[in-house]
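Quick notes on the structure that follows.
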Amino acid sequence: MAIQTEKSVSQLRCIGCGETALADRFRCEHCRDLLEIIYPGWEERGPGGLDAASLKQLWLDRRSSFDAADQSGVWRFREILPEISQEQVITIREGNTPLYALPHCAKSAGMKQLFAKHQGMNPTGSFKDTGMTVAASFARQAGYRWVACASTGNTSASMAAYAARGGLHSLVLIPDGKISWSKLSQSLDYGAITCQLKTDFDGCVRVLNEVVERMPVYLLNSVNPYRVEGQKTVAFELLEQLAWEPPDHIIVPGGNLANSSAIGKALREMKQLGFVSRLPKISVIQAEGANPLVRTIRETGGEKLVPVQADTMATAIRIGNPASWKKALRVIRETEGTVEQVSEVEIAMAKAEIGAEGIGCEPASAVTLAGLKKLVKQGFAKPGEMVVLVLTGHALKDADFTLKFHRGDLFTGTPHEQESKILKPLQRSPLVLEPSVDAVVELLRSAEK
Ligand code: F0G
């Protein structure tokens with residue numbers, strides 16, 4: 001029997017001045033800080049009027065339902081999301097992603113065991129779908145006809161898909177030549193108007209922020225607090241997969257810093273609601289060439305953002321001026337996590353190691369393993385601890401990177417050429433042979449030796 005739960009009453013609150021009587025926009029009209037969604041009714045009644053034990057059972061029961069919203073790994077947790085009328089929900093059955101053991105990567109990082117929550121197994125191949133289903137649905141409910149985002153490729157692919165499914169038009173601004181072809185092809189395929197601007201991601205954000213002021217277009221970048229609410233559900237799902245026993249560490253790649261903020265918000269809420277009694281440490285890993293959060297913490301103690309001119313082959317996180325840095329900083333402090341940066345060669349090695357487990361991910365996701373190796377060396381993560389890496393994008397998101405890696409020319413002509421020689425044992429260049437049985441048999445024999 002379906003349980004009827006109470007409506008969740010949500011409110012927008014500014015993360016800076018704490019003001020709550022705010023218009024439904026993306027920044028506070030008083031201090032210009034970002035907004036977050038809060039649920040004042042939870043303190044007295046619990047989400048949906050239910051306690052933690054009843055919610056855990058309800059969410060699990062929905063996994064055997066054929067209802068579209070129940071089949072979504074986001075909407076099955078709808079009691080912890082803002083209220084929406086069911087017919088406005090746009091879902092492509094996002095979420096419900098696997099948690100994989102990575103035994104070889106564990107060994108390489110010096111850990112006894114290691115797990116990956118693979119958000120690349122979402123419908124458009126990245127974690128963005130979990131936030132997009134919520135924000136796109138609210139765009140439709142609010143009556144918008146157009147949605148838009150600036151993107152390094154995954155947000156745009158996801159937004160284009162959800163807009164198409166929901167009968168909305170979409171506008172994509174991406175940095176010209178700096179995103180992978182597969183991501184670009186997705187937004188074309190799903191019917192978005194796709195503009196390659198001759199600037200970087202941060203430049204695209206600047207242009208779009210002005211466009212949405214002038215036109216009735218709904219902004220679907222991660223400053224949109226509804227995206228963060230959807231992205232929260234990955235943490236609920238992960239804890240469900242771990243029988244509600246929190247891991248010691250969750251390690252997340254850092255770009256615009258919404259994902260770490262969302263996972264942290266989820267855990268804060270889980271503790272508040274009595275789902276868990278302690279919090280995992282949430283650590284954020286950035287590429288050395290796109291490290292504004294690392295610099296902000298190391299150089300200013302987190303007082304002031306240090307923007308950088310970003311450059312990394314992990315194009316998804318090629319971001320120098322992250323919007324959600326204050327939210328992410330709060331999460332790192334609250335959970336006693338840390339930040340770390342990793343080199344291009346370290347990213348490439350970690351990506352190959354995750355690939356060799358038969359799992360694979362895109363380069364930006366691999367910073368998590370590269371970062372963990374450093375955290376283990378520093379003693380921040382202990383070999384016997386339980387660590388979960390959040391893999392944010394699918395291996396097919398950047399096949400170009402993978403091919404170049406295995407052919408051995410990823411770093412040709414770059415300052416990393418010398419250092420990249422250590423990658424040789426991981427490279428599996430494709431072999432060209434005569435179409436002869438003997439040649440293939442000979443090859444197999446030599447491979448067995
Ligand atoms: N990993 C992948 C695969 C991403 O696409 C992104 C961000 C991140 C990690 C970083 O997440 O921004 O929440 O810290 N991609 C955005 C985009 C910016 O436009 O697709 P974050």
Which numbered condition residue 439 fails, given (1) away from the ligand (no atom under 16 Å from the Cβ); (2) part of a helix (DSSP H, G or I); (3) of a type in the set (Gly, Ala, Ser); (4) under 18 Å from residue 342 (Cβ atoms): (4)
Those residues of segment 272-288 which are outside any loop (DSSP other than H, G, I, E, B) and within 19 Å of the chain's Cα centre (by Cα), in sequence order: 281, 282, 283, 284, 285, 286, 287, 288
Boolean, residue 260 is among the hydroxyl-bearing types (Ser, Thr, Tyr), at pLDDT 95 or above, assigned to a helix (DSSP H, G or I) and within 16 Å of the ligand (Cβ to nearest atom): yes
Test for residue 230: is it away from the ligand (no atom under 11 Å from the Cβ) and within 13 Å of the chain's Cα centre (by Cα): yes
Hits in segment 26-53 - residues which are among the small types (Gly, Ala, Ser) and in contact (Cβ under 8 Å) with a residue 24 or more places away in the chain: 41, 46, 48, 49, 52
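Results for (1) away from the ligand (no atom under 16 Å from the Cβ); (2) in contact with a helix residue (DSSP H, G or I) (Cβ under 9 Å, 6 or more places away or on another chain), shown as yes or no for each residue.
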{"position": "364", "(1), (2)": "no, yes"}
{"position": "373", "(1), (2)": "yes, yes"}
{"position": "382", "(1), (2)": "yes, yes"}
{"position": "391", "(1), (2)": "no, yes"}
{"position": "408", "(1), (2)": "yes, yes"}
{"position": "413", "(1), (2)": "yes, no"}
{"position": "424", "(1), (2)": "yes, no"}
{"position": "428", "(1), (2)": "yes, yes"}
Failed item in (1) charged (D, E, K, R); (2) more than 15 Å from the ligand (Cβ to nearest atom); (3) over 26 Å from residue 228 (Cβ atoms); (4) touching a helix residue (DSSP H, G or I) at 6+ places or on another chain (Cβ under 9 Å), with residue 278 passing the rest: (3)
Conditions (1) at positive phi; (2) at pLDDT 95 or above; number of the one not met by residue 158: (1)
Cβ-Cβ under 6 Å pairs, at least 6 apart or on other chains, segment 429-449 side under 27 Å from residue 352 (Cα atoms), far side open to solvent by 80 Å² or more (accessible area, probe 1.4 Å): 429/407
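The values are calculated or read from the model by the stated rules, or taken from the named source; none is laboratory data. This one's a predicted model, so the numbers in the text were calculated from it and none came from an experiment. Cβ atoms come from the backbone with ideal geometry, glycine included; neighbour counts cover every protein chain shown. Each accessible area value is taken on the protein alone, full model and side chains, heavy atoms only, with ligands, DNA and RNA left out. Shrake-Rupley method; radii C 1.70, N 1.55, O 1.52, S 1.80 Å.
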